[in-house]
Amino acid sequence: MSVTAESAVGHDELAVLKLLALEGGLEGDVKISCSRLAERLDASNQTASRRLQRLESADLLDRDTVSDGQWVAVTDAGERALHAEYEDYRRIFETDAEVALEGTVTSGMGEGRHYISLPGYQRQFEDRLGYEPFPGTLNVDLREDSVRRRSALASLEPVPIDGWEDEDRTYGPAVCHPATVETADGESYDEAHIIAPERTHHDEDQLEVIAPKKLREALDLEDADHVTVTVGDRR
């Protein structure tokens, strides 16, 4: 999604997306006309059409125009946007908002060890997380439903990790969230954080977790073991 398209989507467009989801747009194509949508929105046909176009441009909606209307379906990105809205309301009406993500342990490429050990990040980890992380990450392949639910993290307040630079290159900012890792046997470790580059949707099906200890040893984990990572607001 382009920055321009993303910025064109506001509360009015999300209201249309919610309406289409309630009509069945999450399950598949639903047929709707601009006049019917305009009536539901108490708006003009032109306004209804413009909001649909913005949702389509932002990749939140698939749309196929026919002679007597249009077939529309909410995309995966659109479903993630609705999940994020849902989590915002959860934070308003419920306390201790958390997001539980499930998946299986997998081996990473070893890049986490390198980046976490860099001094520009290390200083911030110690200052903002309160510990020096083990040089490596626990990598988790998320289940499909957790990939969709991951967008709910946008409603949680993160711990920011600033970007920095040395003589050779610039390193980008990241965000961390406090997390508890629980195994299928009920063992848990609650002094962990998930970490991800700021403002990116790269590898949304994978989660990286850091902690003061090597989590594979602390929780006796091996590849393909099931874990639940419960993520919360910054402490």
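For the residues LYS31, LYS18, the requirement of being in a strand (DSSP E or B), among the basic types (Lys, Arg) and assigned by the TED database to the domain that holds GLY78 singles out LYS31. Say whether the condition of being on the phi < 0 side of the Ramachandran plot, surrounded by 14 or more Cβ atoms within 10 Å (Cβ to Cβ), touching a Pro at 6+ places or on another chain (Cβ under 6 Å) and free of Cβ contacts under 8 Å to residues at least 40 places away in the same chain is met by at least one residue in the stretch 175-188. Checked against the condition, which is being on the phi < 0 side of the Ramachandran plot, surrounded by 14 or more Cβ atoms within 10 Å (Cβ to Cβ), touching a Pro at 6+ places or on another chain (Cβ under 6 Å) and free of Cβ contacts under 8 Å to residues at least 40 places away in the same chain, the stretch 175-188 yields at least one hit.
Of the numbered criteria (1) more than 23 Å from the chain's Cα centre (by Cα); (2) modelled with pLDDT under 95; (3) open to solvent by less than 30 Å² (accessible area, probe 1.4 Å), the one VAL72 fails is (2). The condition (being touching a Ser or Thr at 6+ places or on another chain (Cβ under 9 Å), at pLDDT below 95, closer than 19 Å to THR228 by Cα and among the basic types (Lys, Arg)) is satisfied by just one residue among ARG150, ARG143: ARG143.
Here GLU198 fulfils each of the conditions (1) closer than 20 Å to THR75 by Cβ; (2) surrounded by fewer than 17 Cβ atoms within 10 Å (Cβ to Cβ) apart from (1). Does the stretch 140-162 include one or more residues that are under 23 Å from LEU118 (Cβ atoms), surrounded by fewer than 19 Cβ atoms within 10 Å (Cβ to Cβ) and under 13 Å from the mean Cα position of the chain (by Cα)? No, because not a single residue in the stretch 140-162 is under 23 Å from LEU118 (Cβ atoms), surrounded by fewer than 19 Cβ atoms within 10 Å (Cβ to Cβ) and under 13 Å from the mean Cα position of the chain (by Cα). Within the stretch 107-121, if we keep just the residues that are assigned to a helix (DSSP H, G or I) and in contact with a Pro (Cβ under 6 Å, 6 or more places away or on another chain), the residue that is least open to solvent (accessible area, probe 1.4 Å) turns out to be ILE116.
Can you work out which of the residues in the stretch 123-139 that are in a helix (DSSP H, G or I) and open to solvent by 40 Å² or more (accessible area, probe 1.4 Å) is nearest to ARG234 (Cα to Cα)? If we take residues in the stretch 123-139 being in a helix (DSSP H, G or I) and open to solvent by 40 Å² or more (accessible area, probe 1.4 Å), then ARG128 is nearest to ARG234 (Cα to Cα). The residue list LEU61, LEU17, LEU55 contains one member that is in contact with a helix residue (DSSP H, G or I) (Cβ under 6 Å, 6 or more places away or on another chain) and in contact (Cβ under 8 Å) with a residue 60 or more places away in the chain, which is LEU17.
The values are calculated or read from the model by the stated rules, or taken from the named source; none is laboratory data. What you are looking at is a predicted structure, and each value in this text was computed from that prediction instead of being measured. Every residue, glycine among them, receives a Cβ derived from its backbone with ideal geometry; neighbour counts consider all protein chains shown. What goes into the accessible areas is simple: the full protein's heavy atoms, side chains included, and nothing from ligands, DNA or RNA. Shrake-Rupley method; radii C 1.70, N 1.55, O 1.52, S 1.80 Å.
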